[in-house]
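Trainee: Next up is a structure, given as structure tokens.
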Amino acid sequence: MNHLSSNTLDLYLDDRLDPPARAAAHAHLAGCERCRAELDALREVFLALETLEPEPIPVDLSARVLERIAPVAARPARRPYVAALLVVQVALTLLLALWLGPPPIDWAGLDRLVVPGQAVLSPVWLAAYAPDFQAVIDLVGRLRVLPNPLAAIAPEQWLYLIVAAGIIWLAGNRLLLAGLNRSHDMHQEARP
Amino acid sequence: MGTLLARRALCRGTTRMDSWAGQADDQLITHALNGRADAYGELVRRYQALVYNIAYRLAGDRQEALDLAQEAFVRAYAALGSFDRARPFGPWIGRIATNTALNWLQRRGLATVPLVETHSDAGGEQYEPGPPDYSAEPERVYLAGEQQAAVRAAILALPPHYRAVIELRHFQDRSYEEIAEALGLPLSDVKSHLFRARRLLREWLERNA
């Protein structure tokens, strides 16, 4: 009588035989005492491994781990919404700057600008591009007729408020003036 | 002065750790990511036994296991921001511990198959000779605790590459394919390593029963 190989019994117990091979092994085991005994011996090994209790850890690692991560933990955590808030603030600032409008441009006096290589800013160049600049100025002029929801606060004051709030927020999140903005935690105090 | 400050900080840390005891793992992780490193200390205390046992079963040395466990927690902290808090923390730190220990084995060249003499059993299958024979020791009375010690000793007596497959299959319930990927081995090697490791364990346990 052919017996099941040790390898087959191993795979059978570990549920790694394909269905036909498993069915054949199962049928053989039903009628072969020697293979059943071999399977039981192997099953004891599986059981011994599965019932092995974990060994108690001899020391508490928490203090050692905290000591090692202290330099990393002391760094401020980057919050995911920082980038989004920065974009919103910059966008609001730009919109308000547009709303305020650019200072009036003295087109006739541009040729009197004192710049090195004054010849670059020739009247011909200015005449060629002035219409585009004028279109932008006209658009901004139309924006200025939008109603001011809080009439008591002038557009220029809104701009200053947003810039000031941005500086305070950046400093509070240690993205600005970080050297002057230390917080005290136990890891810093634990260092000699 | 530095020692005094460190001791005071540790005591304060212990008090803080007690207050973390009732918090769930994902809450501790959130606090740790928000700069409360002592919350991570509570996570270490909860899972250090698991991590230590993984490292010990793979490395085979208690002191080395402590060092590897510490290293695993430090690596986990560095990667904490990428951890999905909807998933359990245990399996994740377990994998980090396994990888840390396996890297250690590979650095020492212990994760490769050693050249050993082979023998054949009656069925013509080849296997390596088993671990040392302890049956000549004084009479041993096996209580449950000693049986556990015997199994643990049998595992530690295995060659490192056999310990690795036994650890991943029987203690971490990984599939043969996952073991092959974790160890960088062909599937056929995983099957033969498991087969031989189990044979060695069986022989060792029968010899020392």
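The values are calculated or read from the model by the stated rules, or taken from the named source; none is laboratory data. Remember, it's a predicted structure, so these values are computed and weren't measured experimentally. Note that each Cβ is placed from the backbone with ideal geometry, even for glycine, and that neighbours are counted across all protein chains shown. Side chains included, ligands, DNA and RNA excluded: accessible areas come from the protein's heavy atoms. Shrake-Rupley method; radii C 1.70, N 1.55, O 1.52, S 1.80 Å.
Trainee: Checking the structure you have, find out if any residue of the range A:24-45 is at pLDDT 75 or above and in a loop (DSSP other than H, G, I, E, B). Can you show your working first?
Mentor: Residues of the range A:24-45 that are at pLDDT 75 or above, as a first pass: A:24-45.
If we keep only those that are in a loop (DSSP other than H, G, I, E, B) too, we end up with A:32.
Taking every residue of the range A:24-45 in turn, at least one turns out to be at pLDDT 75 or above and in a loop (DSSP other than H, G, I, E, B).
Trainee: Filtering the range A:1-23 down to residues that are more than 10 Å from chain B (Cβ to nearest Cβ) and of a type in the set (Gly, Ala, Ser), which residue is most open to solvent (accessible area, probe 1.4 Å)?
Mentor: A:Ala23
Trainee: Let me ask something else. Among all residue pairs at least 6 apart or on different chains, which show Cβ distances below 8 Å where the first residue, located in the range B:18-33, is within 12 Å of B:Phe89 (Cβ to Cβ) and in contact (Cβ under 8 Å) with a residue 40 or more places away in the chain and the second is open to solvent by 50 Å² or more (accessible area, probe 1.4 Å) and in a helix (DSSP H, G or I)?
Mentor: Short answer, once both residue conditions are applied: B:Asp25/B:Arg46.
Trainee: Moving on. Considering only the range A:41-61, state which residues are exposed (fewer than 12 other Cβ atoms within 10 Å of the Cβ) and under 42 Å from the mean Cα position of the chain (by Cα).
Mentor: A:Glu50, A:Glu53, A:Pro56, A:Pro58
Trainee: Could you tell me which numbered condition A:Leu17 fails, if it satisfies all but one of (1) touching a Ser or Thr at 6+ places or on another chain (Cβ under 8 Å); (2) aliphatic (A, V, I, L, M); (3) part of a helix (DSSP H, G or I)?
Mentor: Failed condition: (3).
Trainee: Mind listing just one residue for me: the one in the range A:24-40 that is surrounded by 10 or more Cβ atoms within 10 Å (Cβ to Cβ), more than 14 Å from every other protein chain (Cβ to nearest Cβ) and not hydrophobic (A, V, I, L, M, F, W, C) and, of those, nearest to B:Tyr176 (Cα to Cα)?
Mentor: A:His26
Trainee: I've got another one for you. Going through the range B:54-74 one residue at a time, which ones are surrounded by fewer than 19 Cβ atoms within 10 Å (Cβ to Cβ) and more than 9 Å from every other protein chain (Cβ to nearest Cβ)?
Mentor: Of everything in the range B:54-74, those that are surrounded by fewer than 19 Cβ atoms within 10 Å (Cβ to Cβ) and more than 9 Å from every other protein chain (Cβ to nearest Cβ) turn out to be B:Asp61, B:Gln63, B:Glu64, B:Asp67.
Trainee: Being among the basic types (Lys, Arg) and more than 10 Å from every other protein chain (Cβ to nearest Cβ) is true for just one of A:Arg64, A:Arg43. Which residue is that? Outline the logic, then answer.
Mentor: Numbers: A:Arg64 fails: more than 10 Å from every other protein chain (Cβ to nearest Cβ).
None of the other options fit; the residue is A:Arg43.
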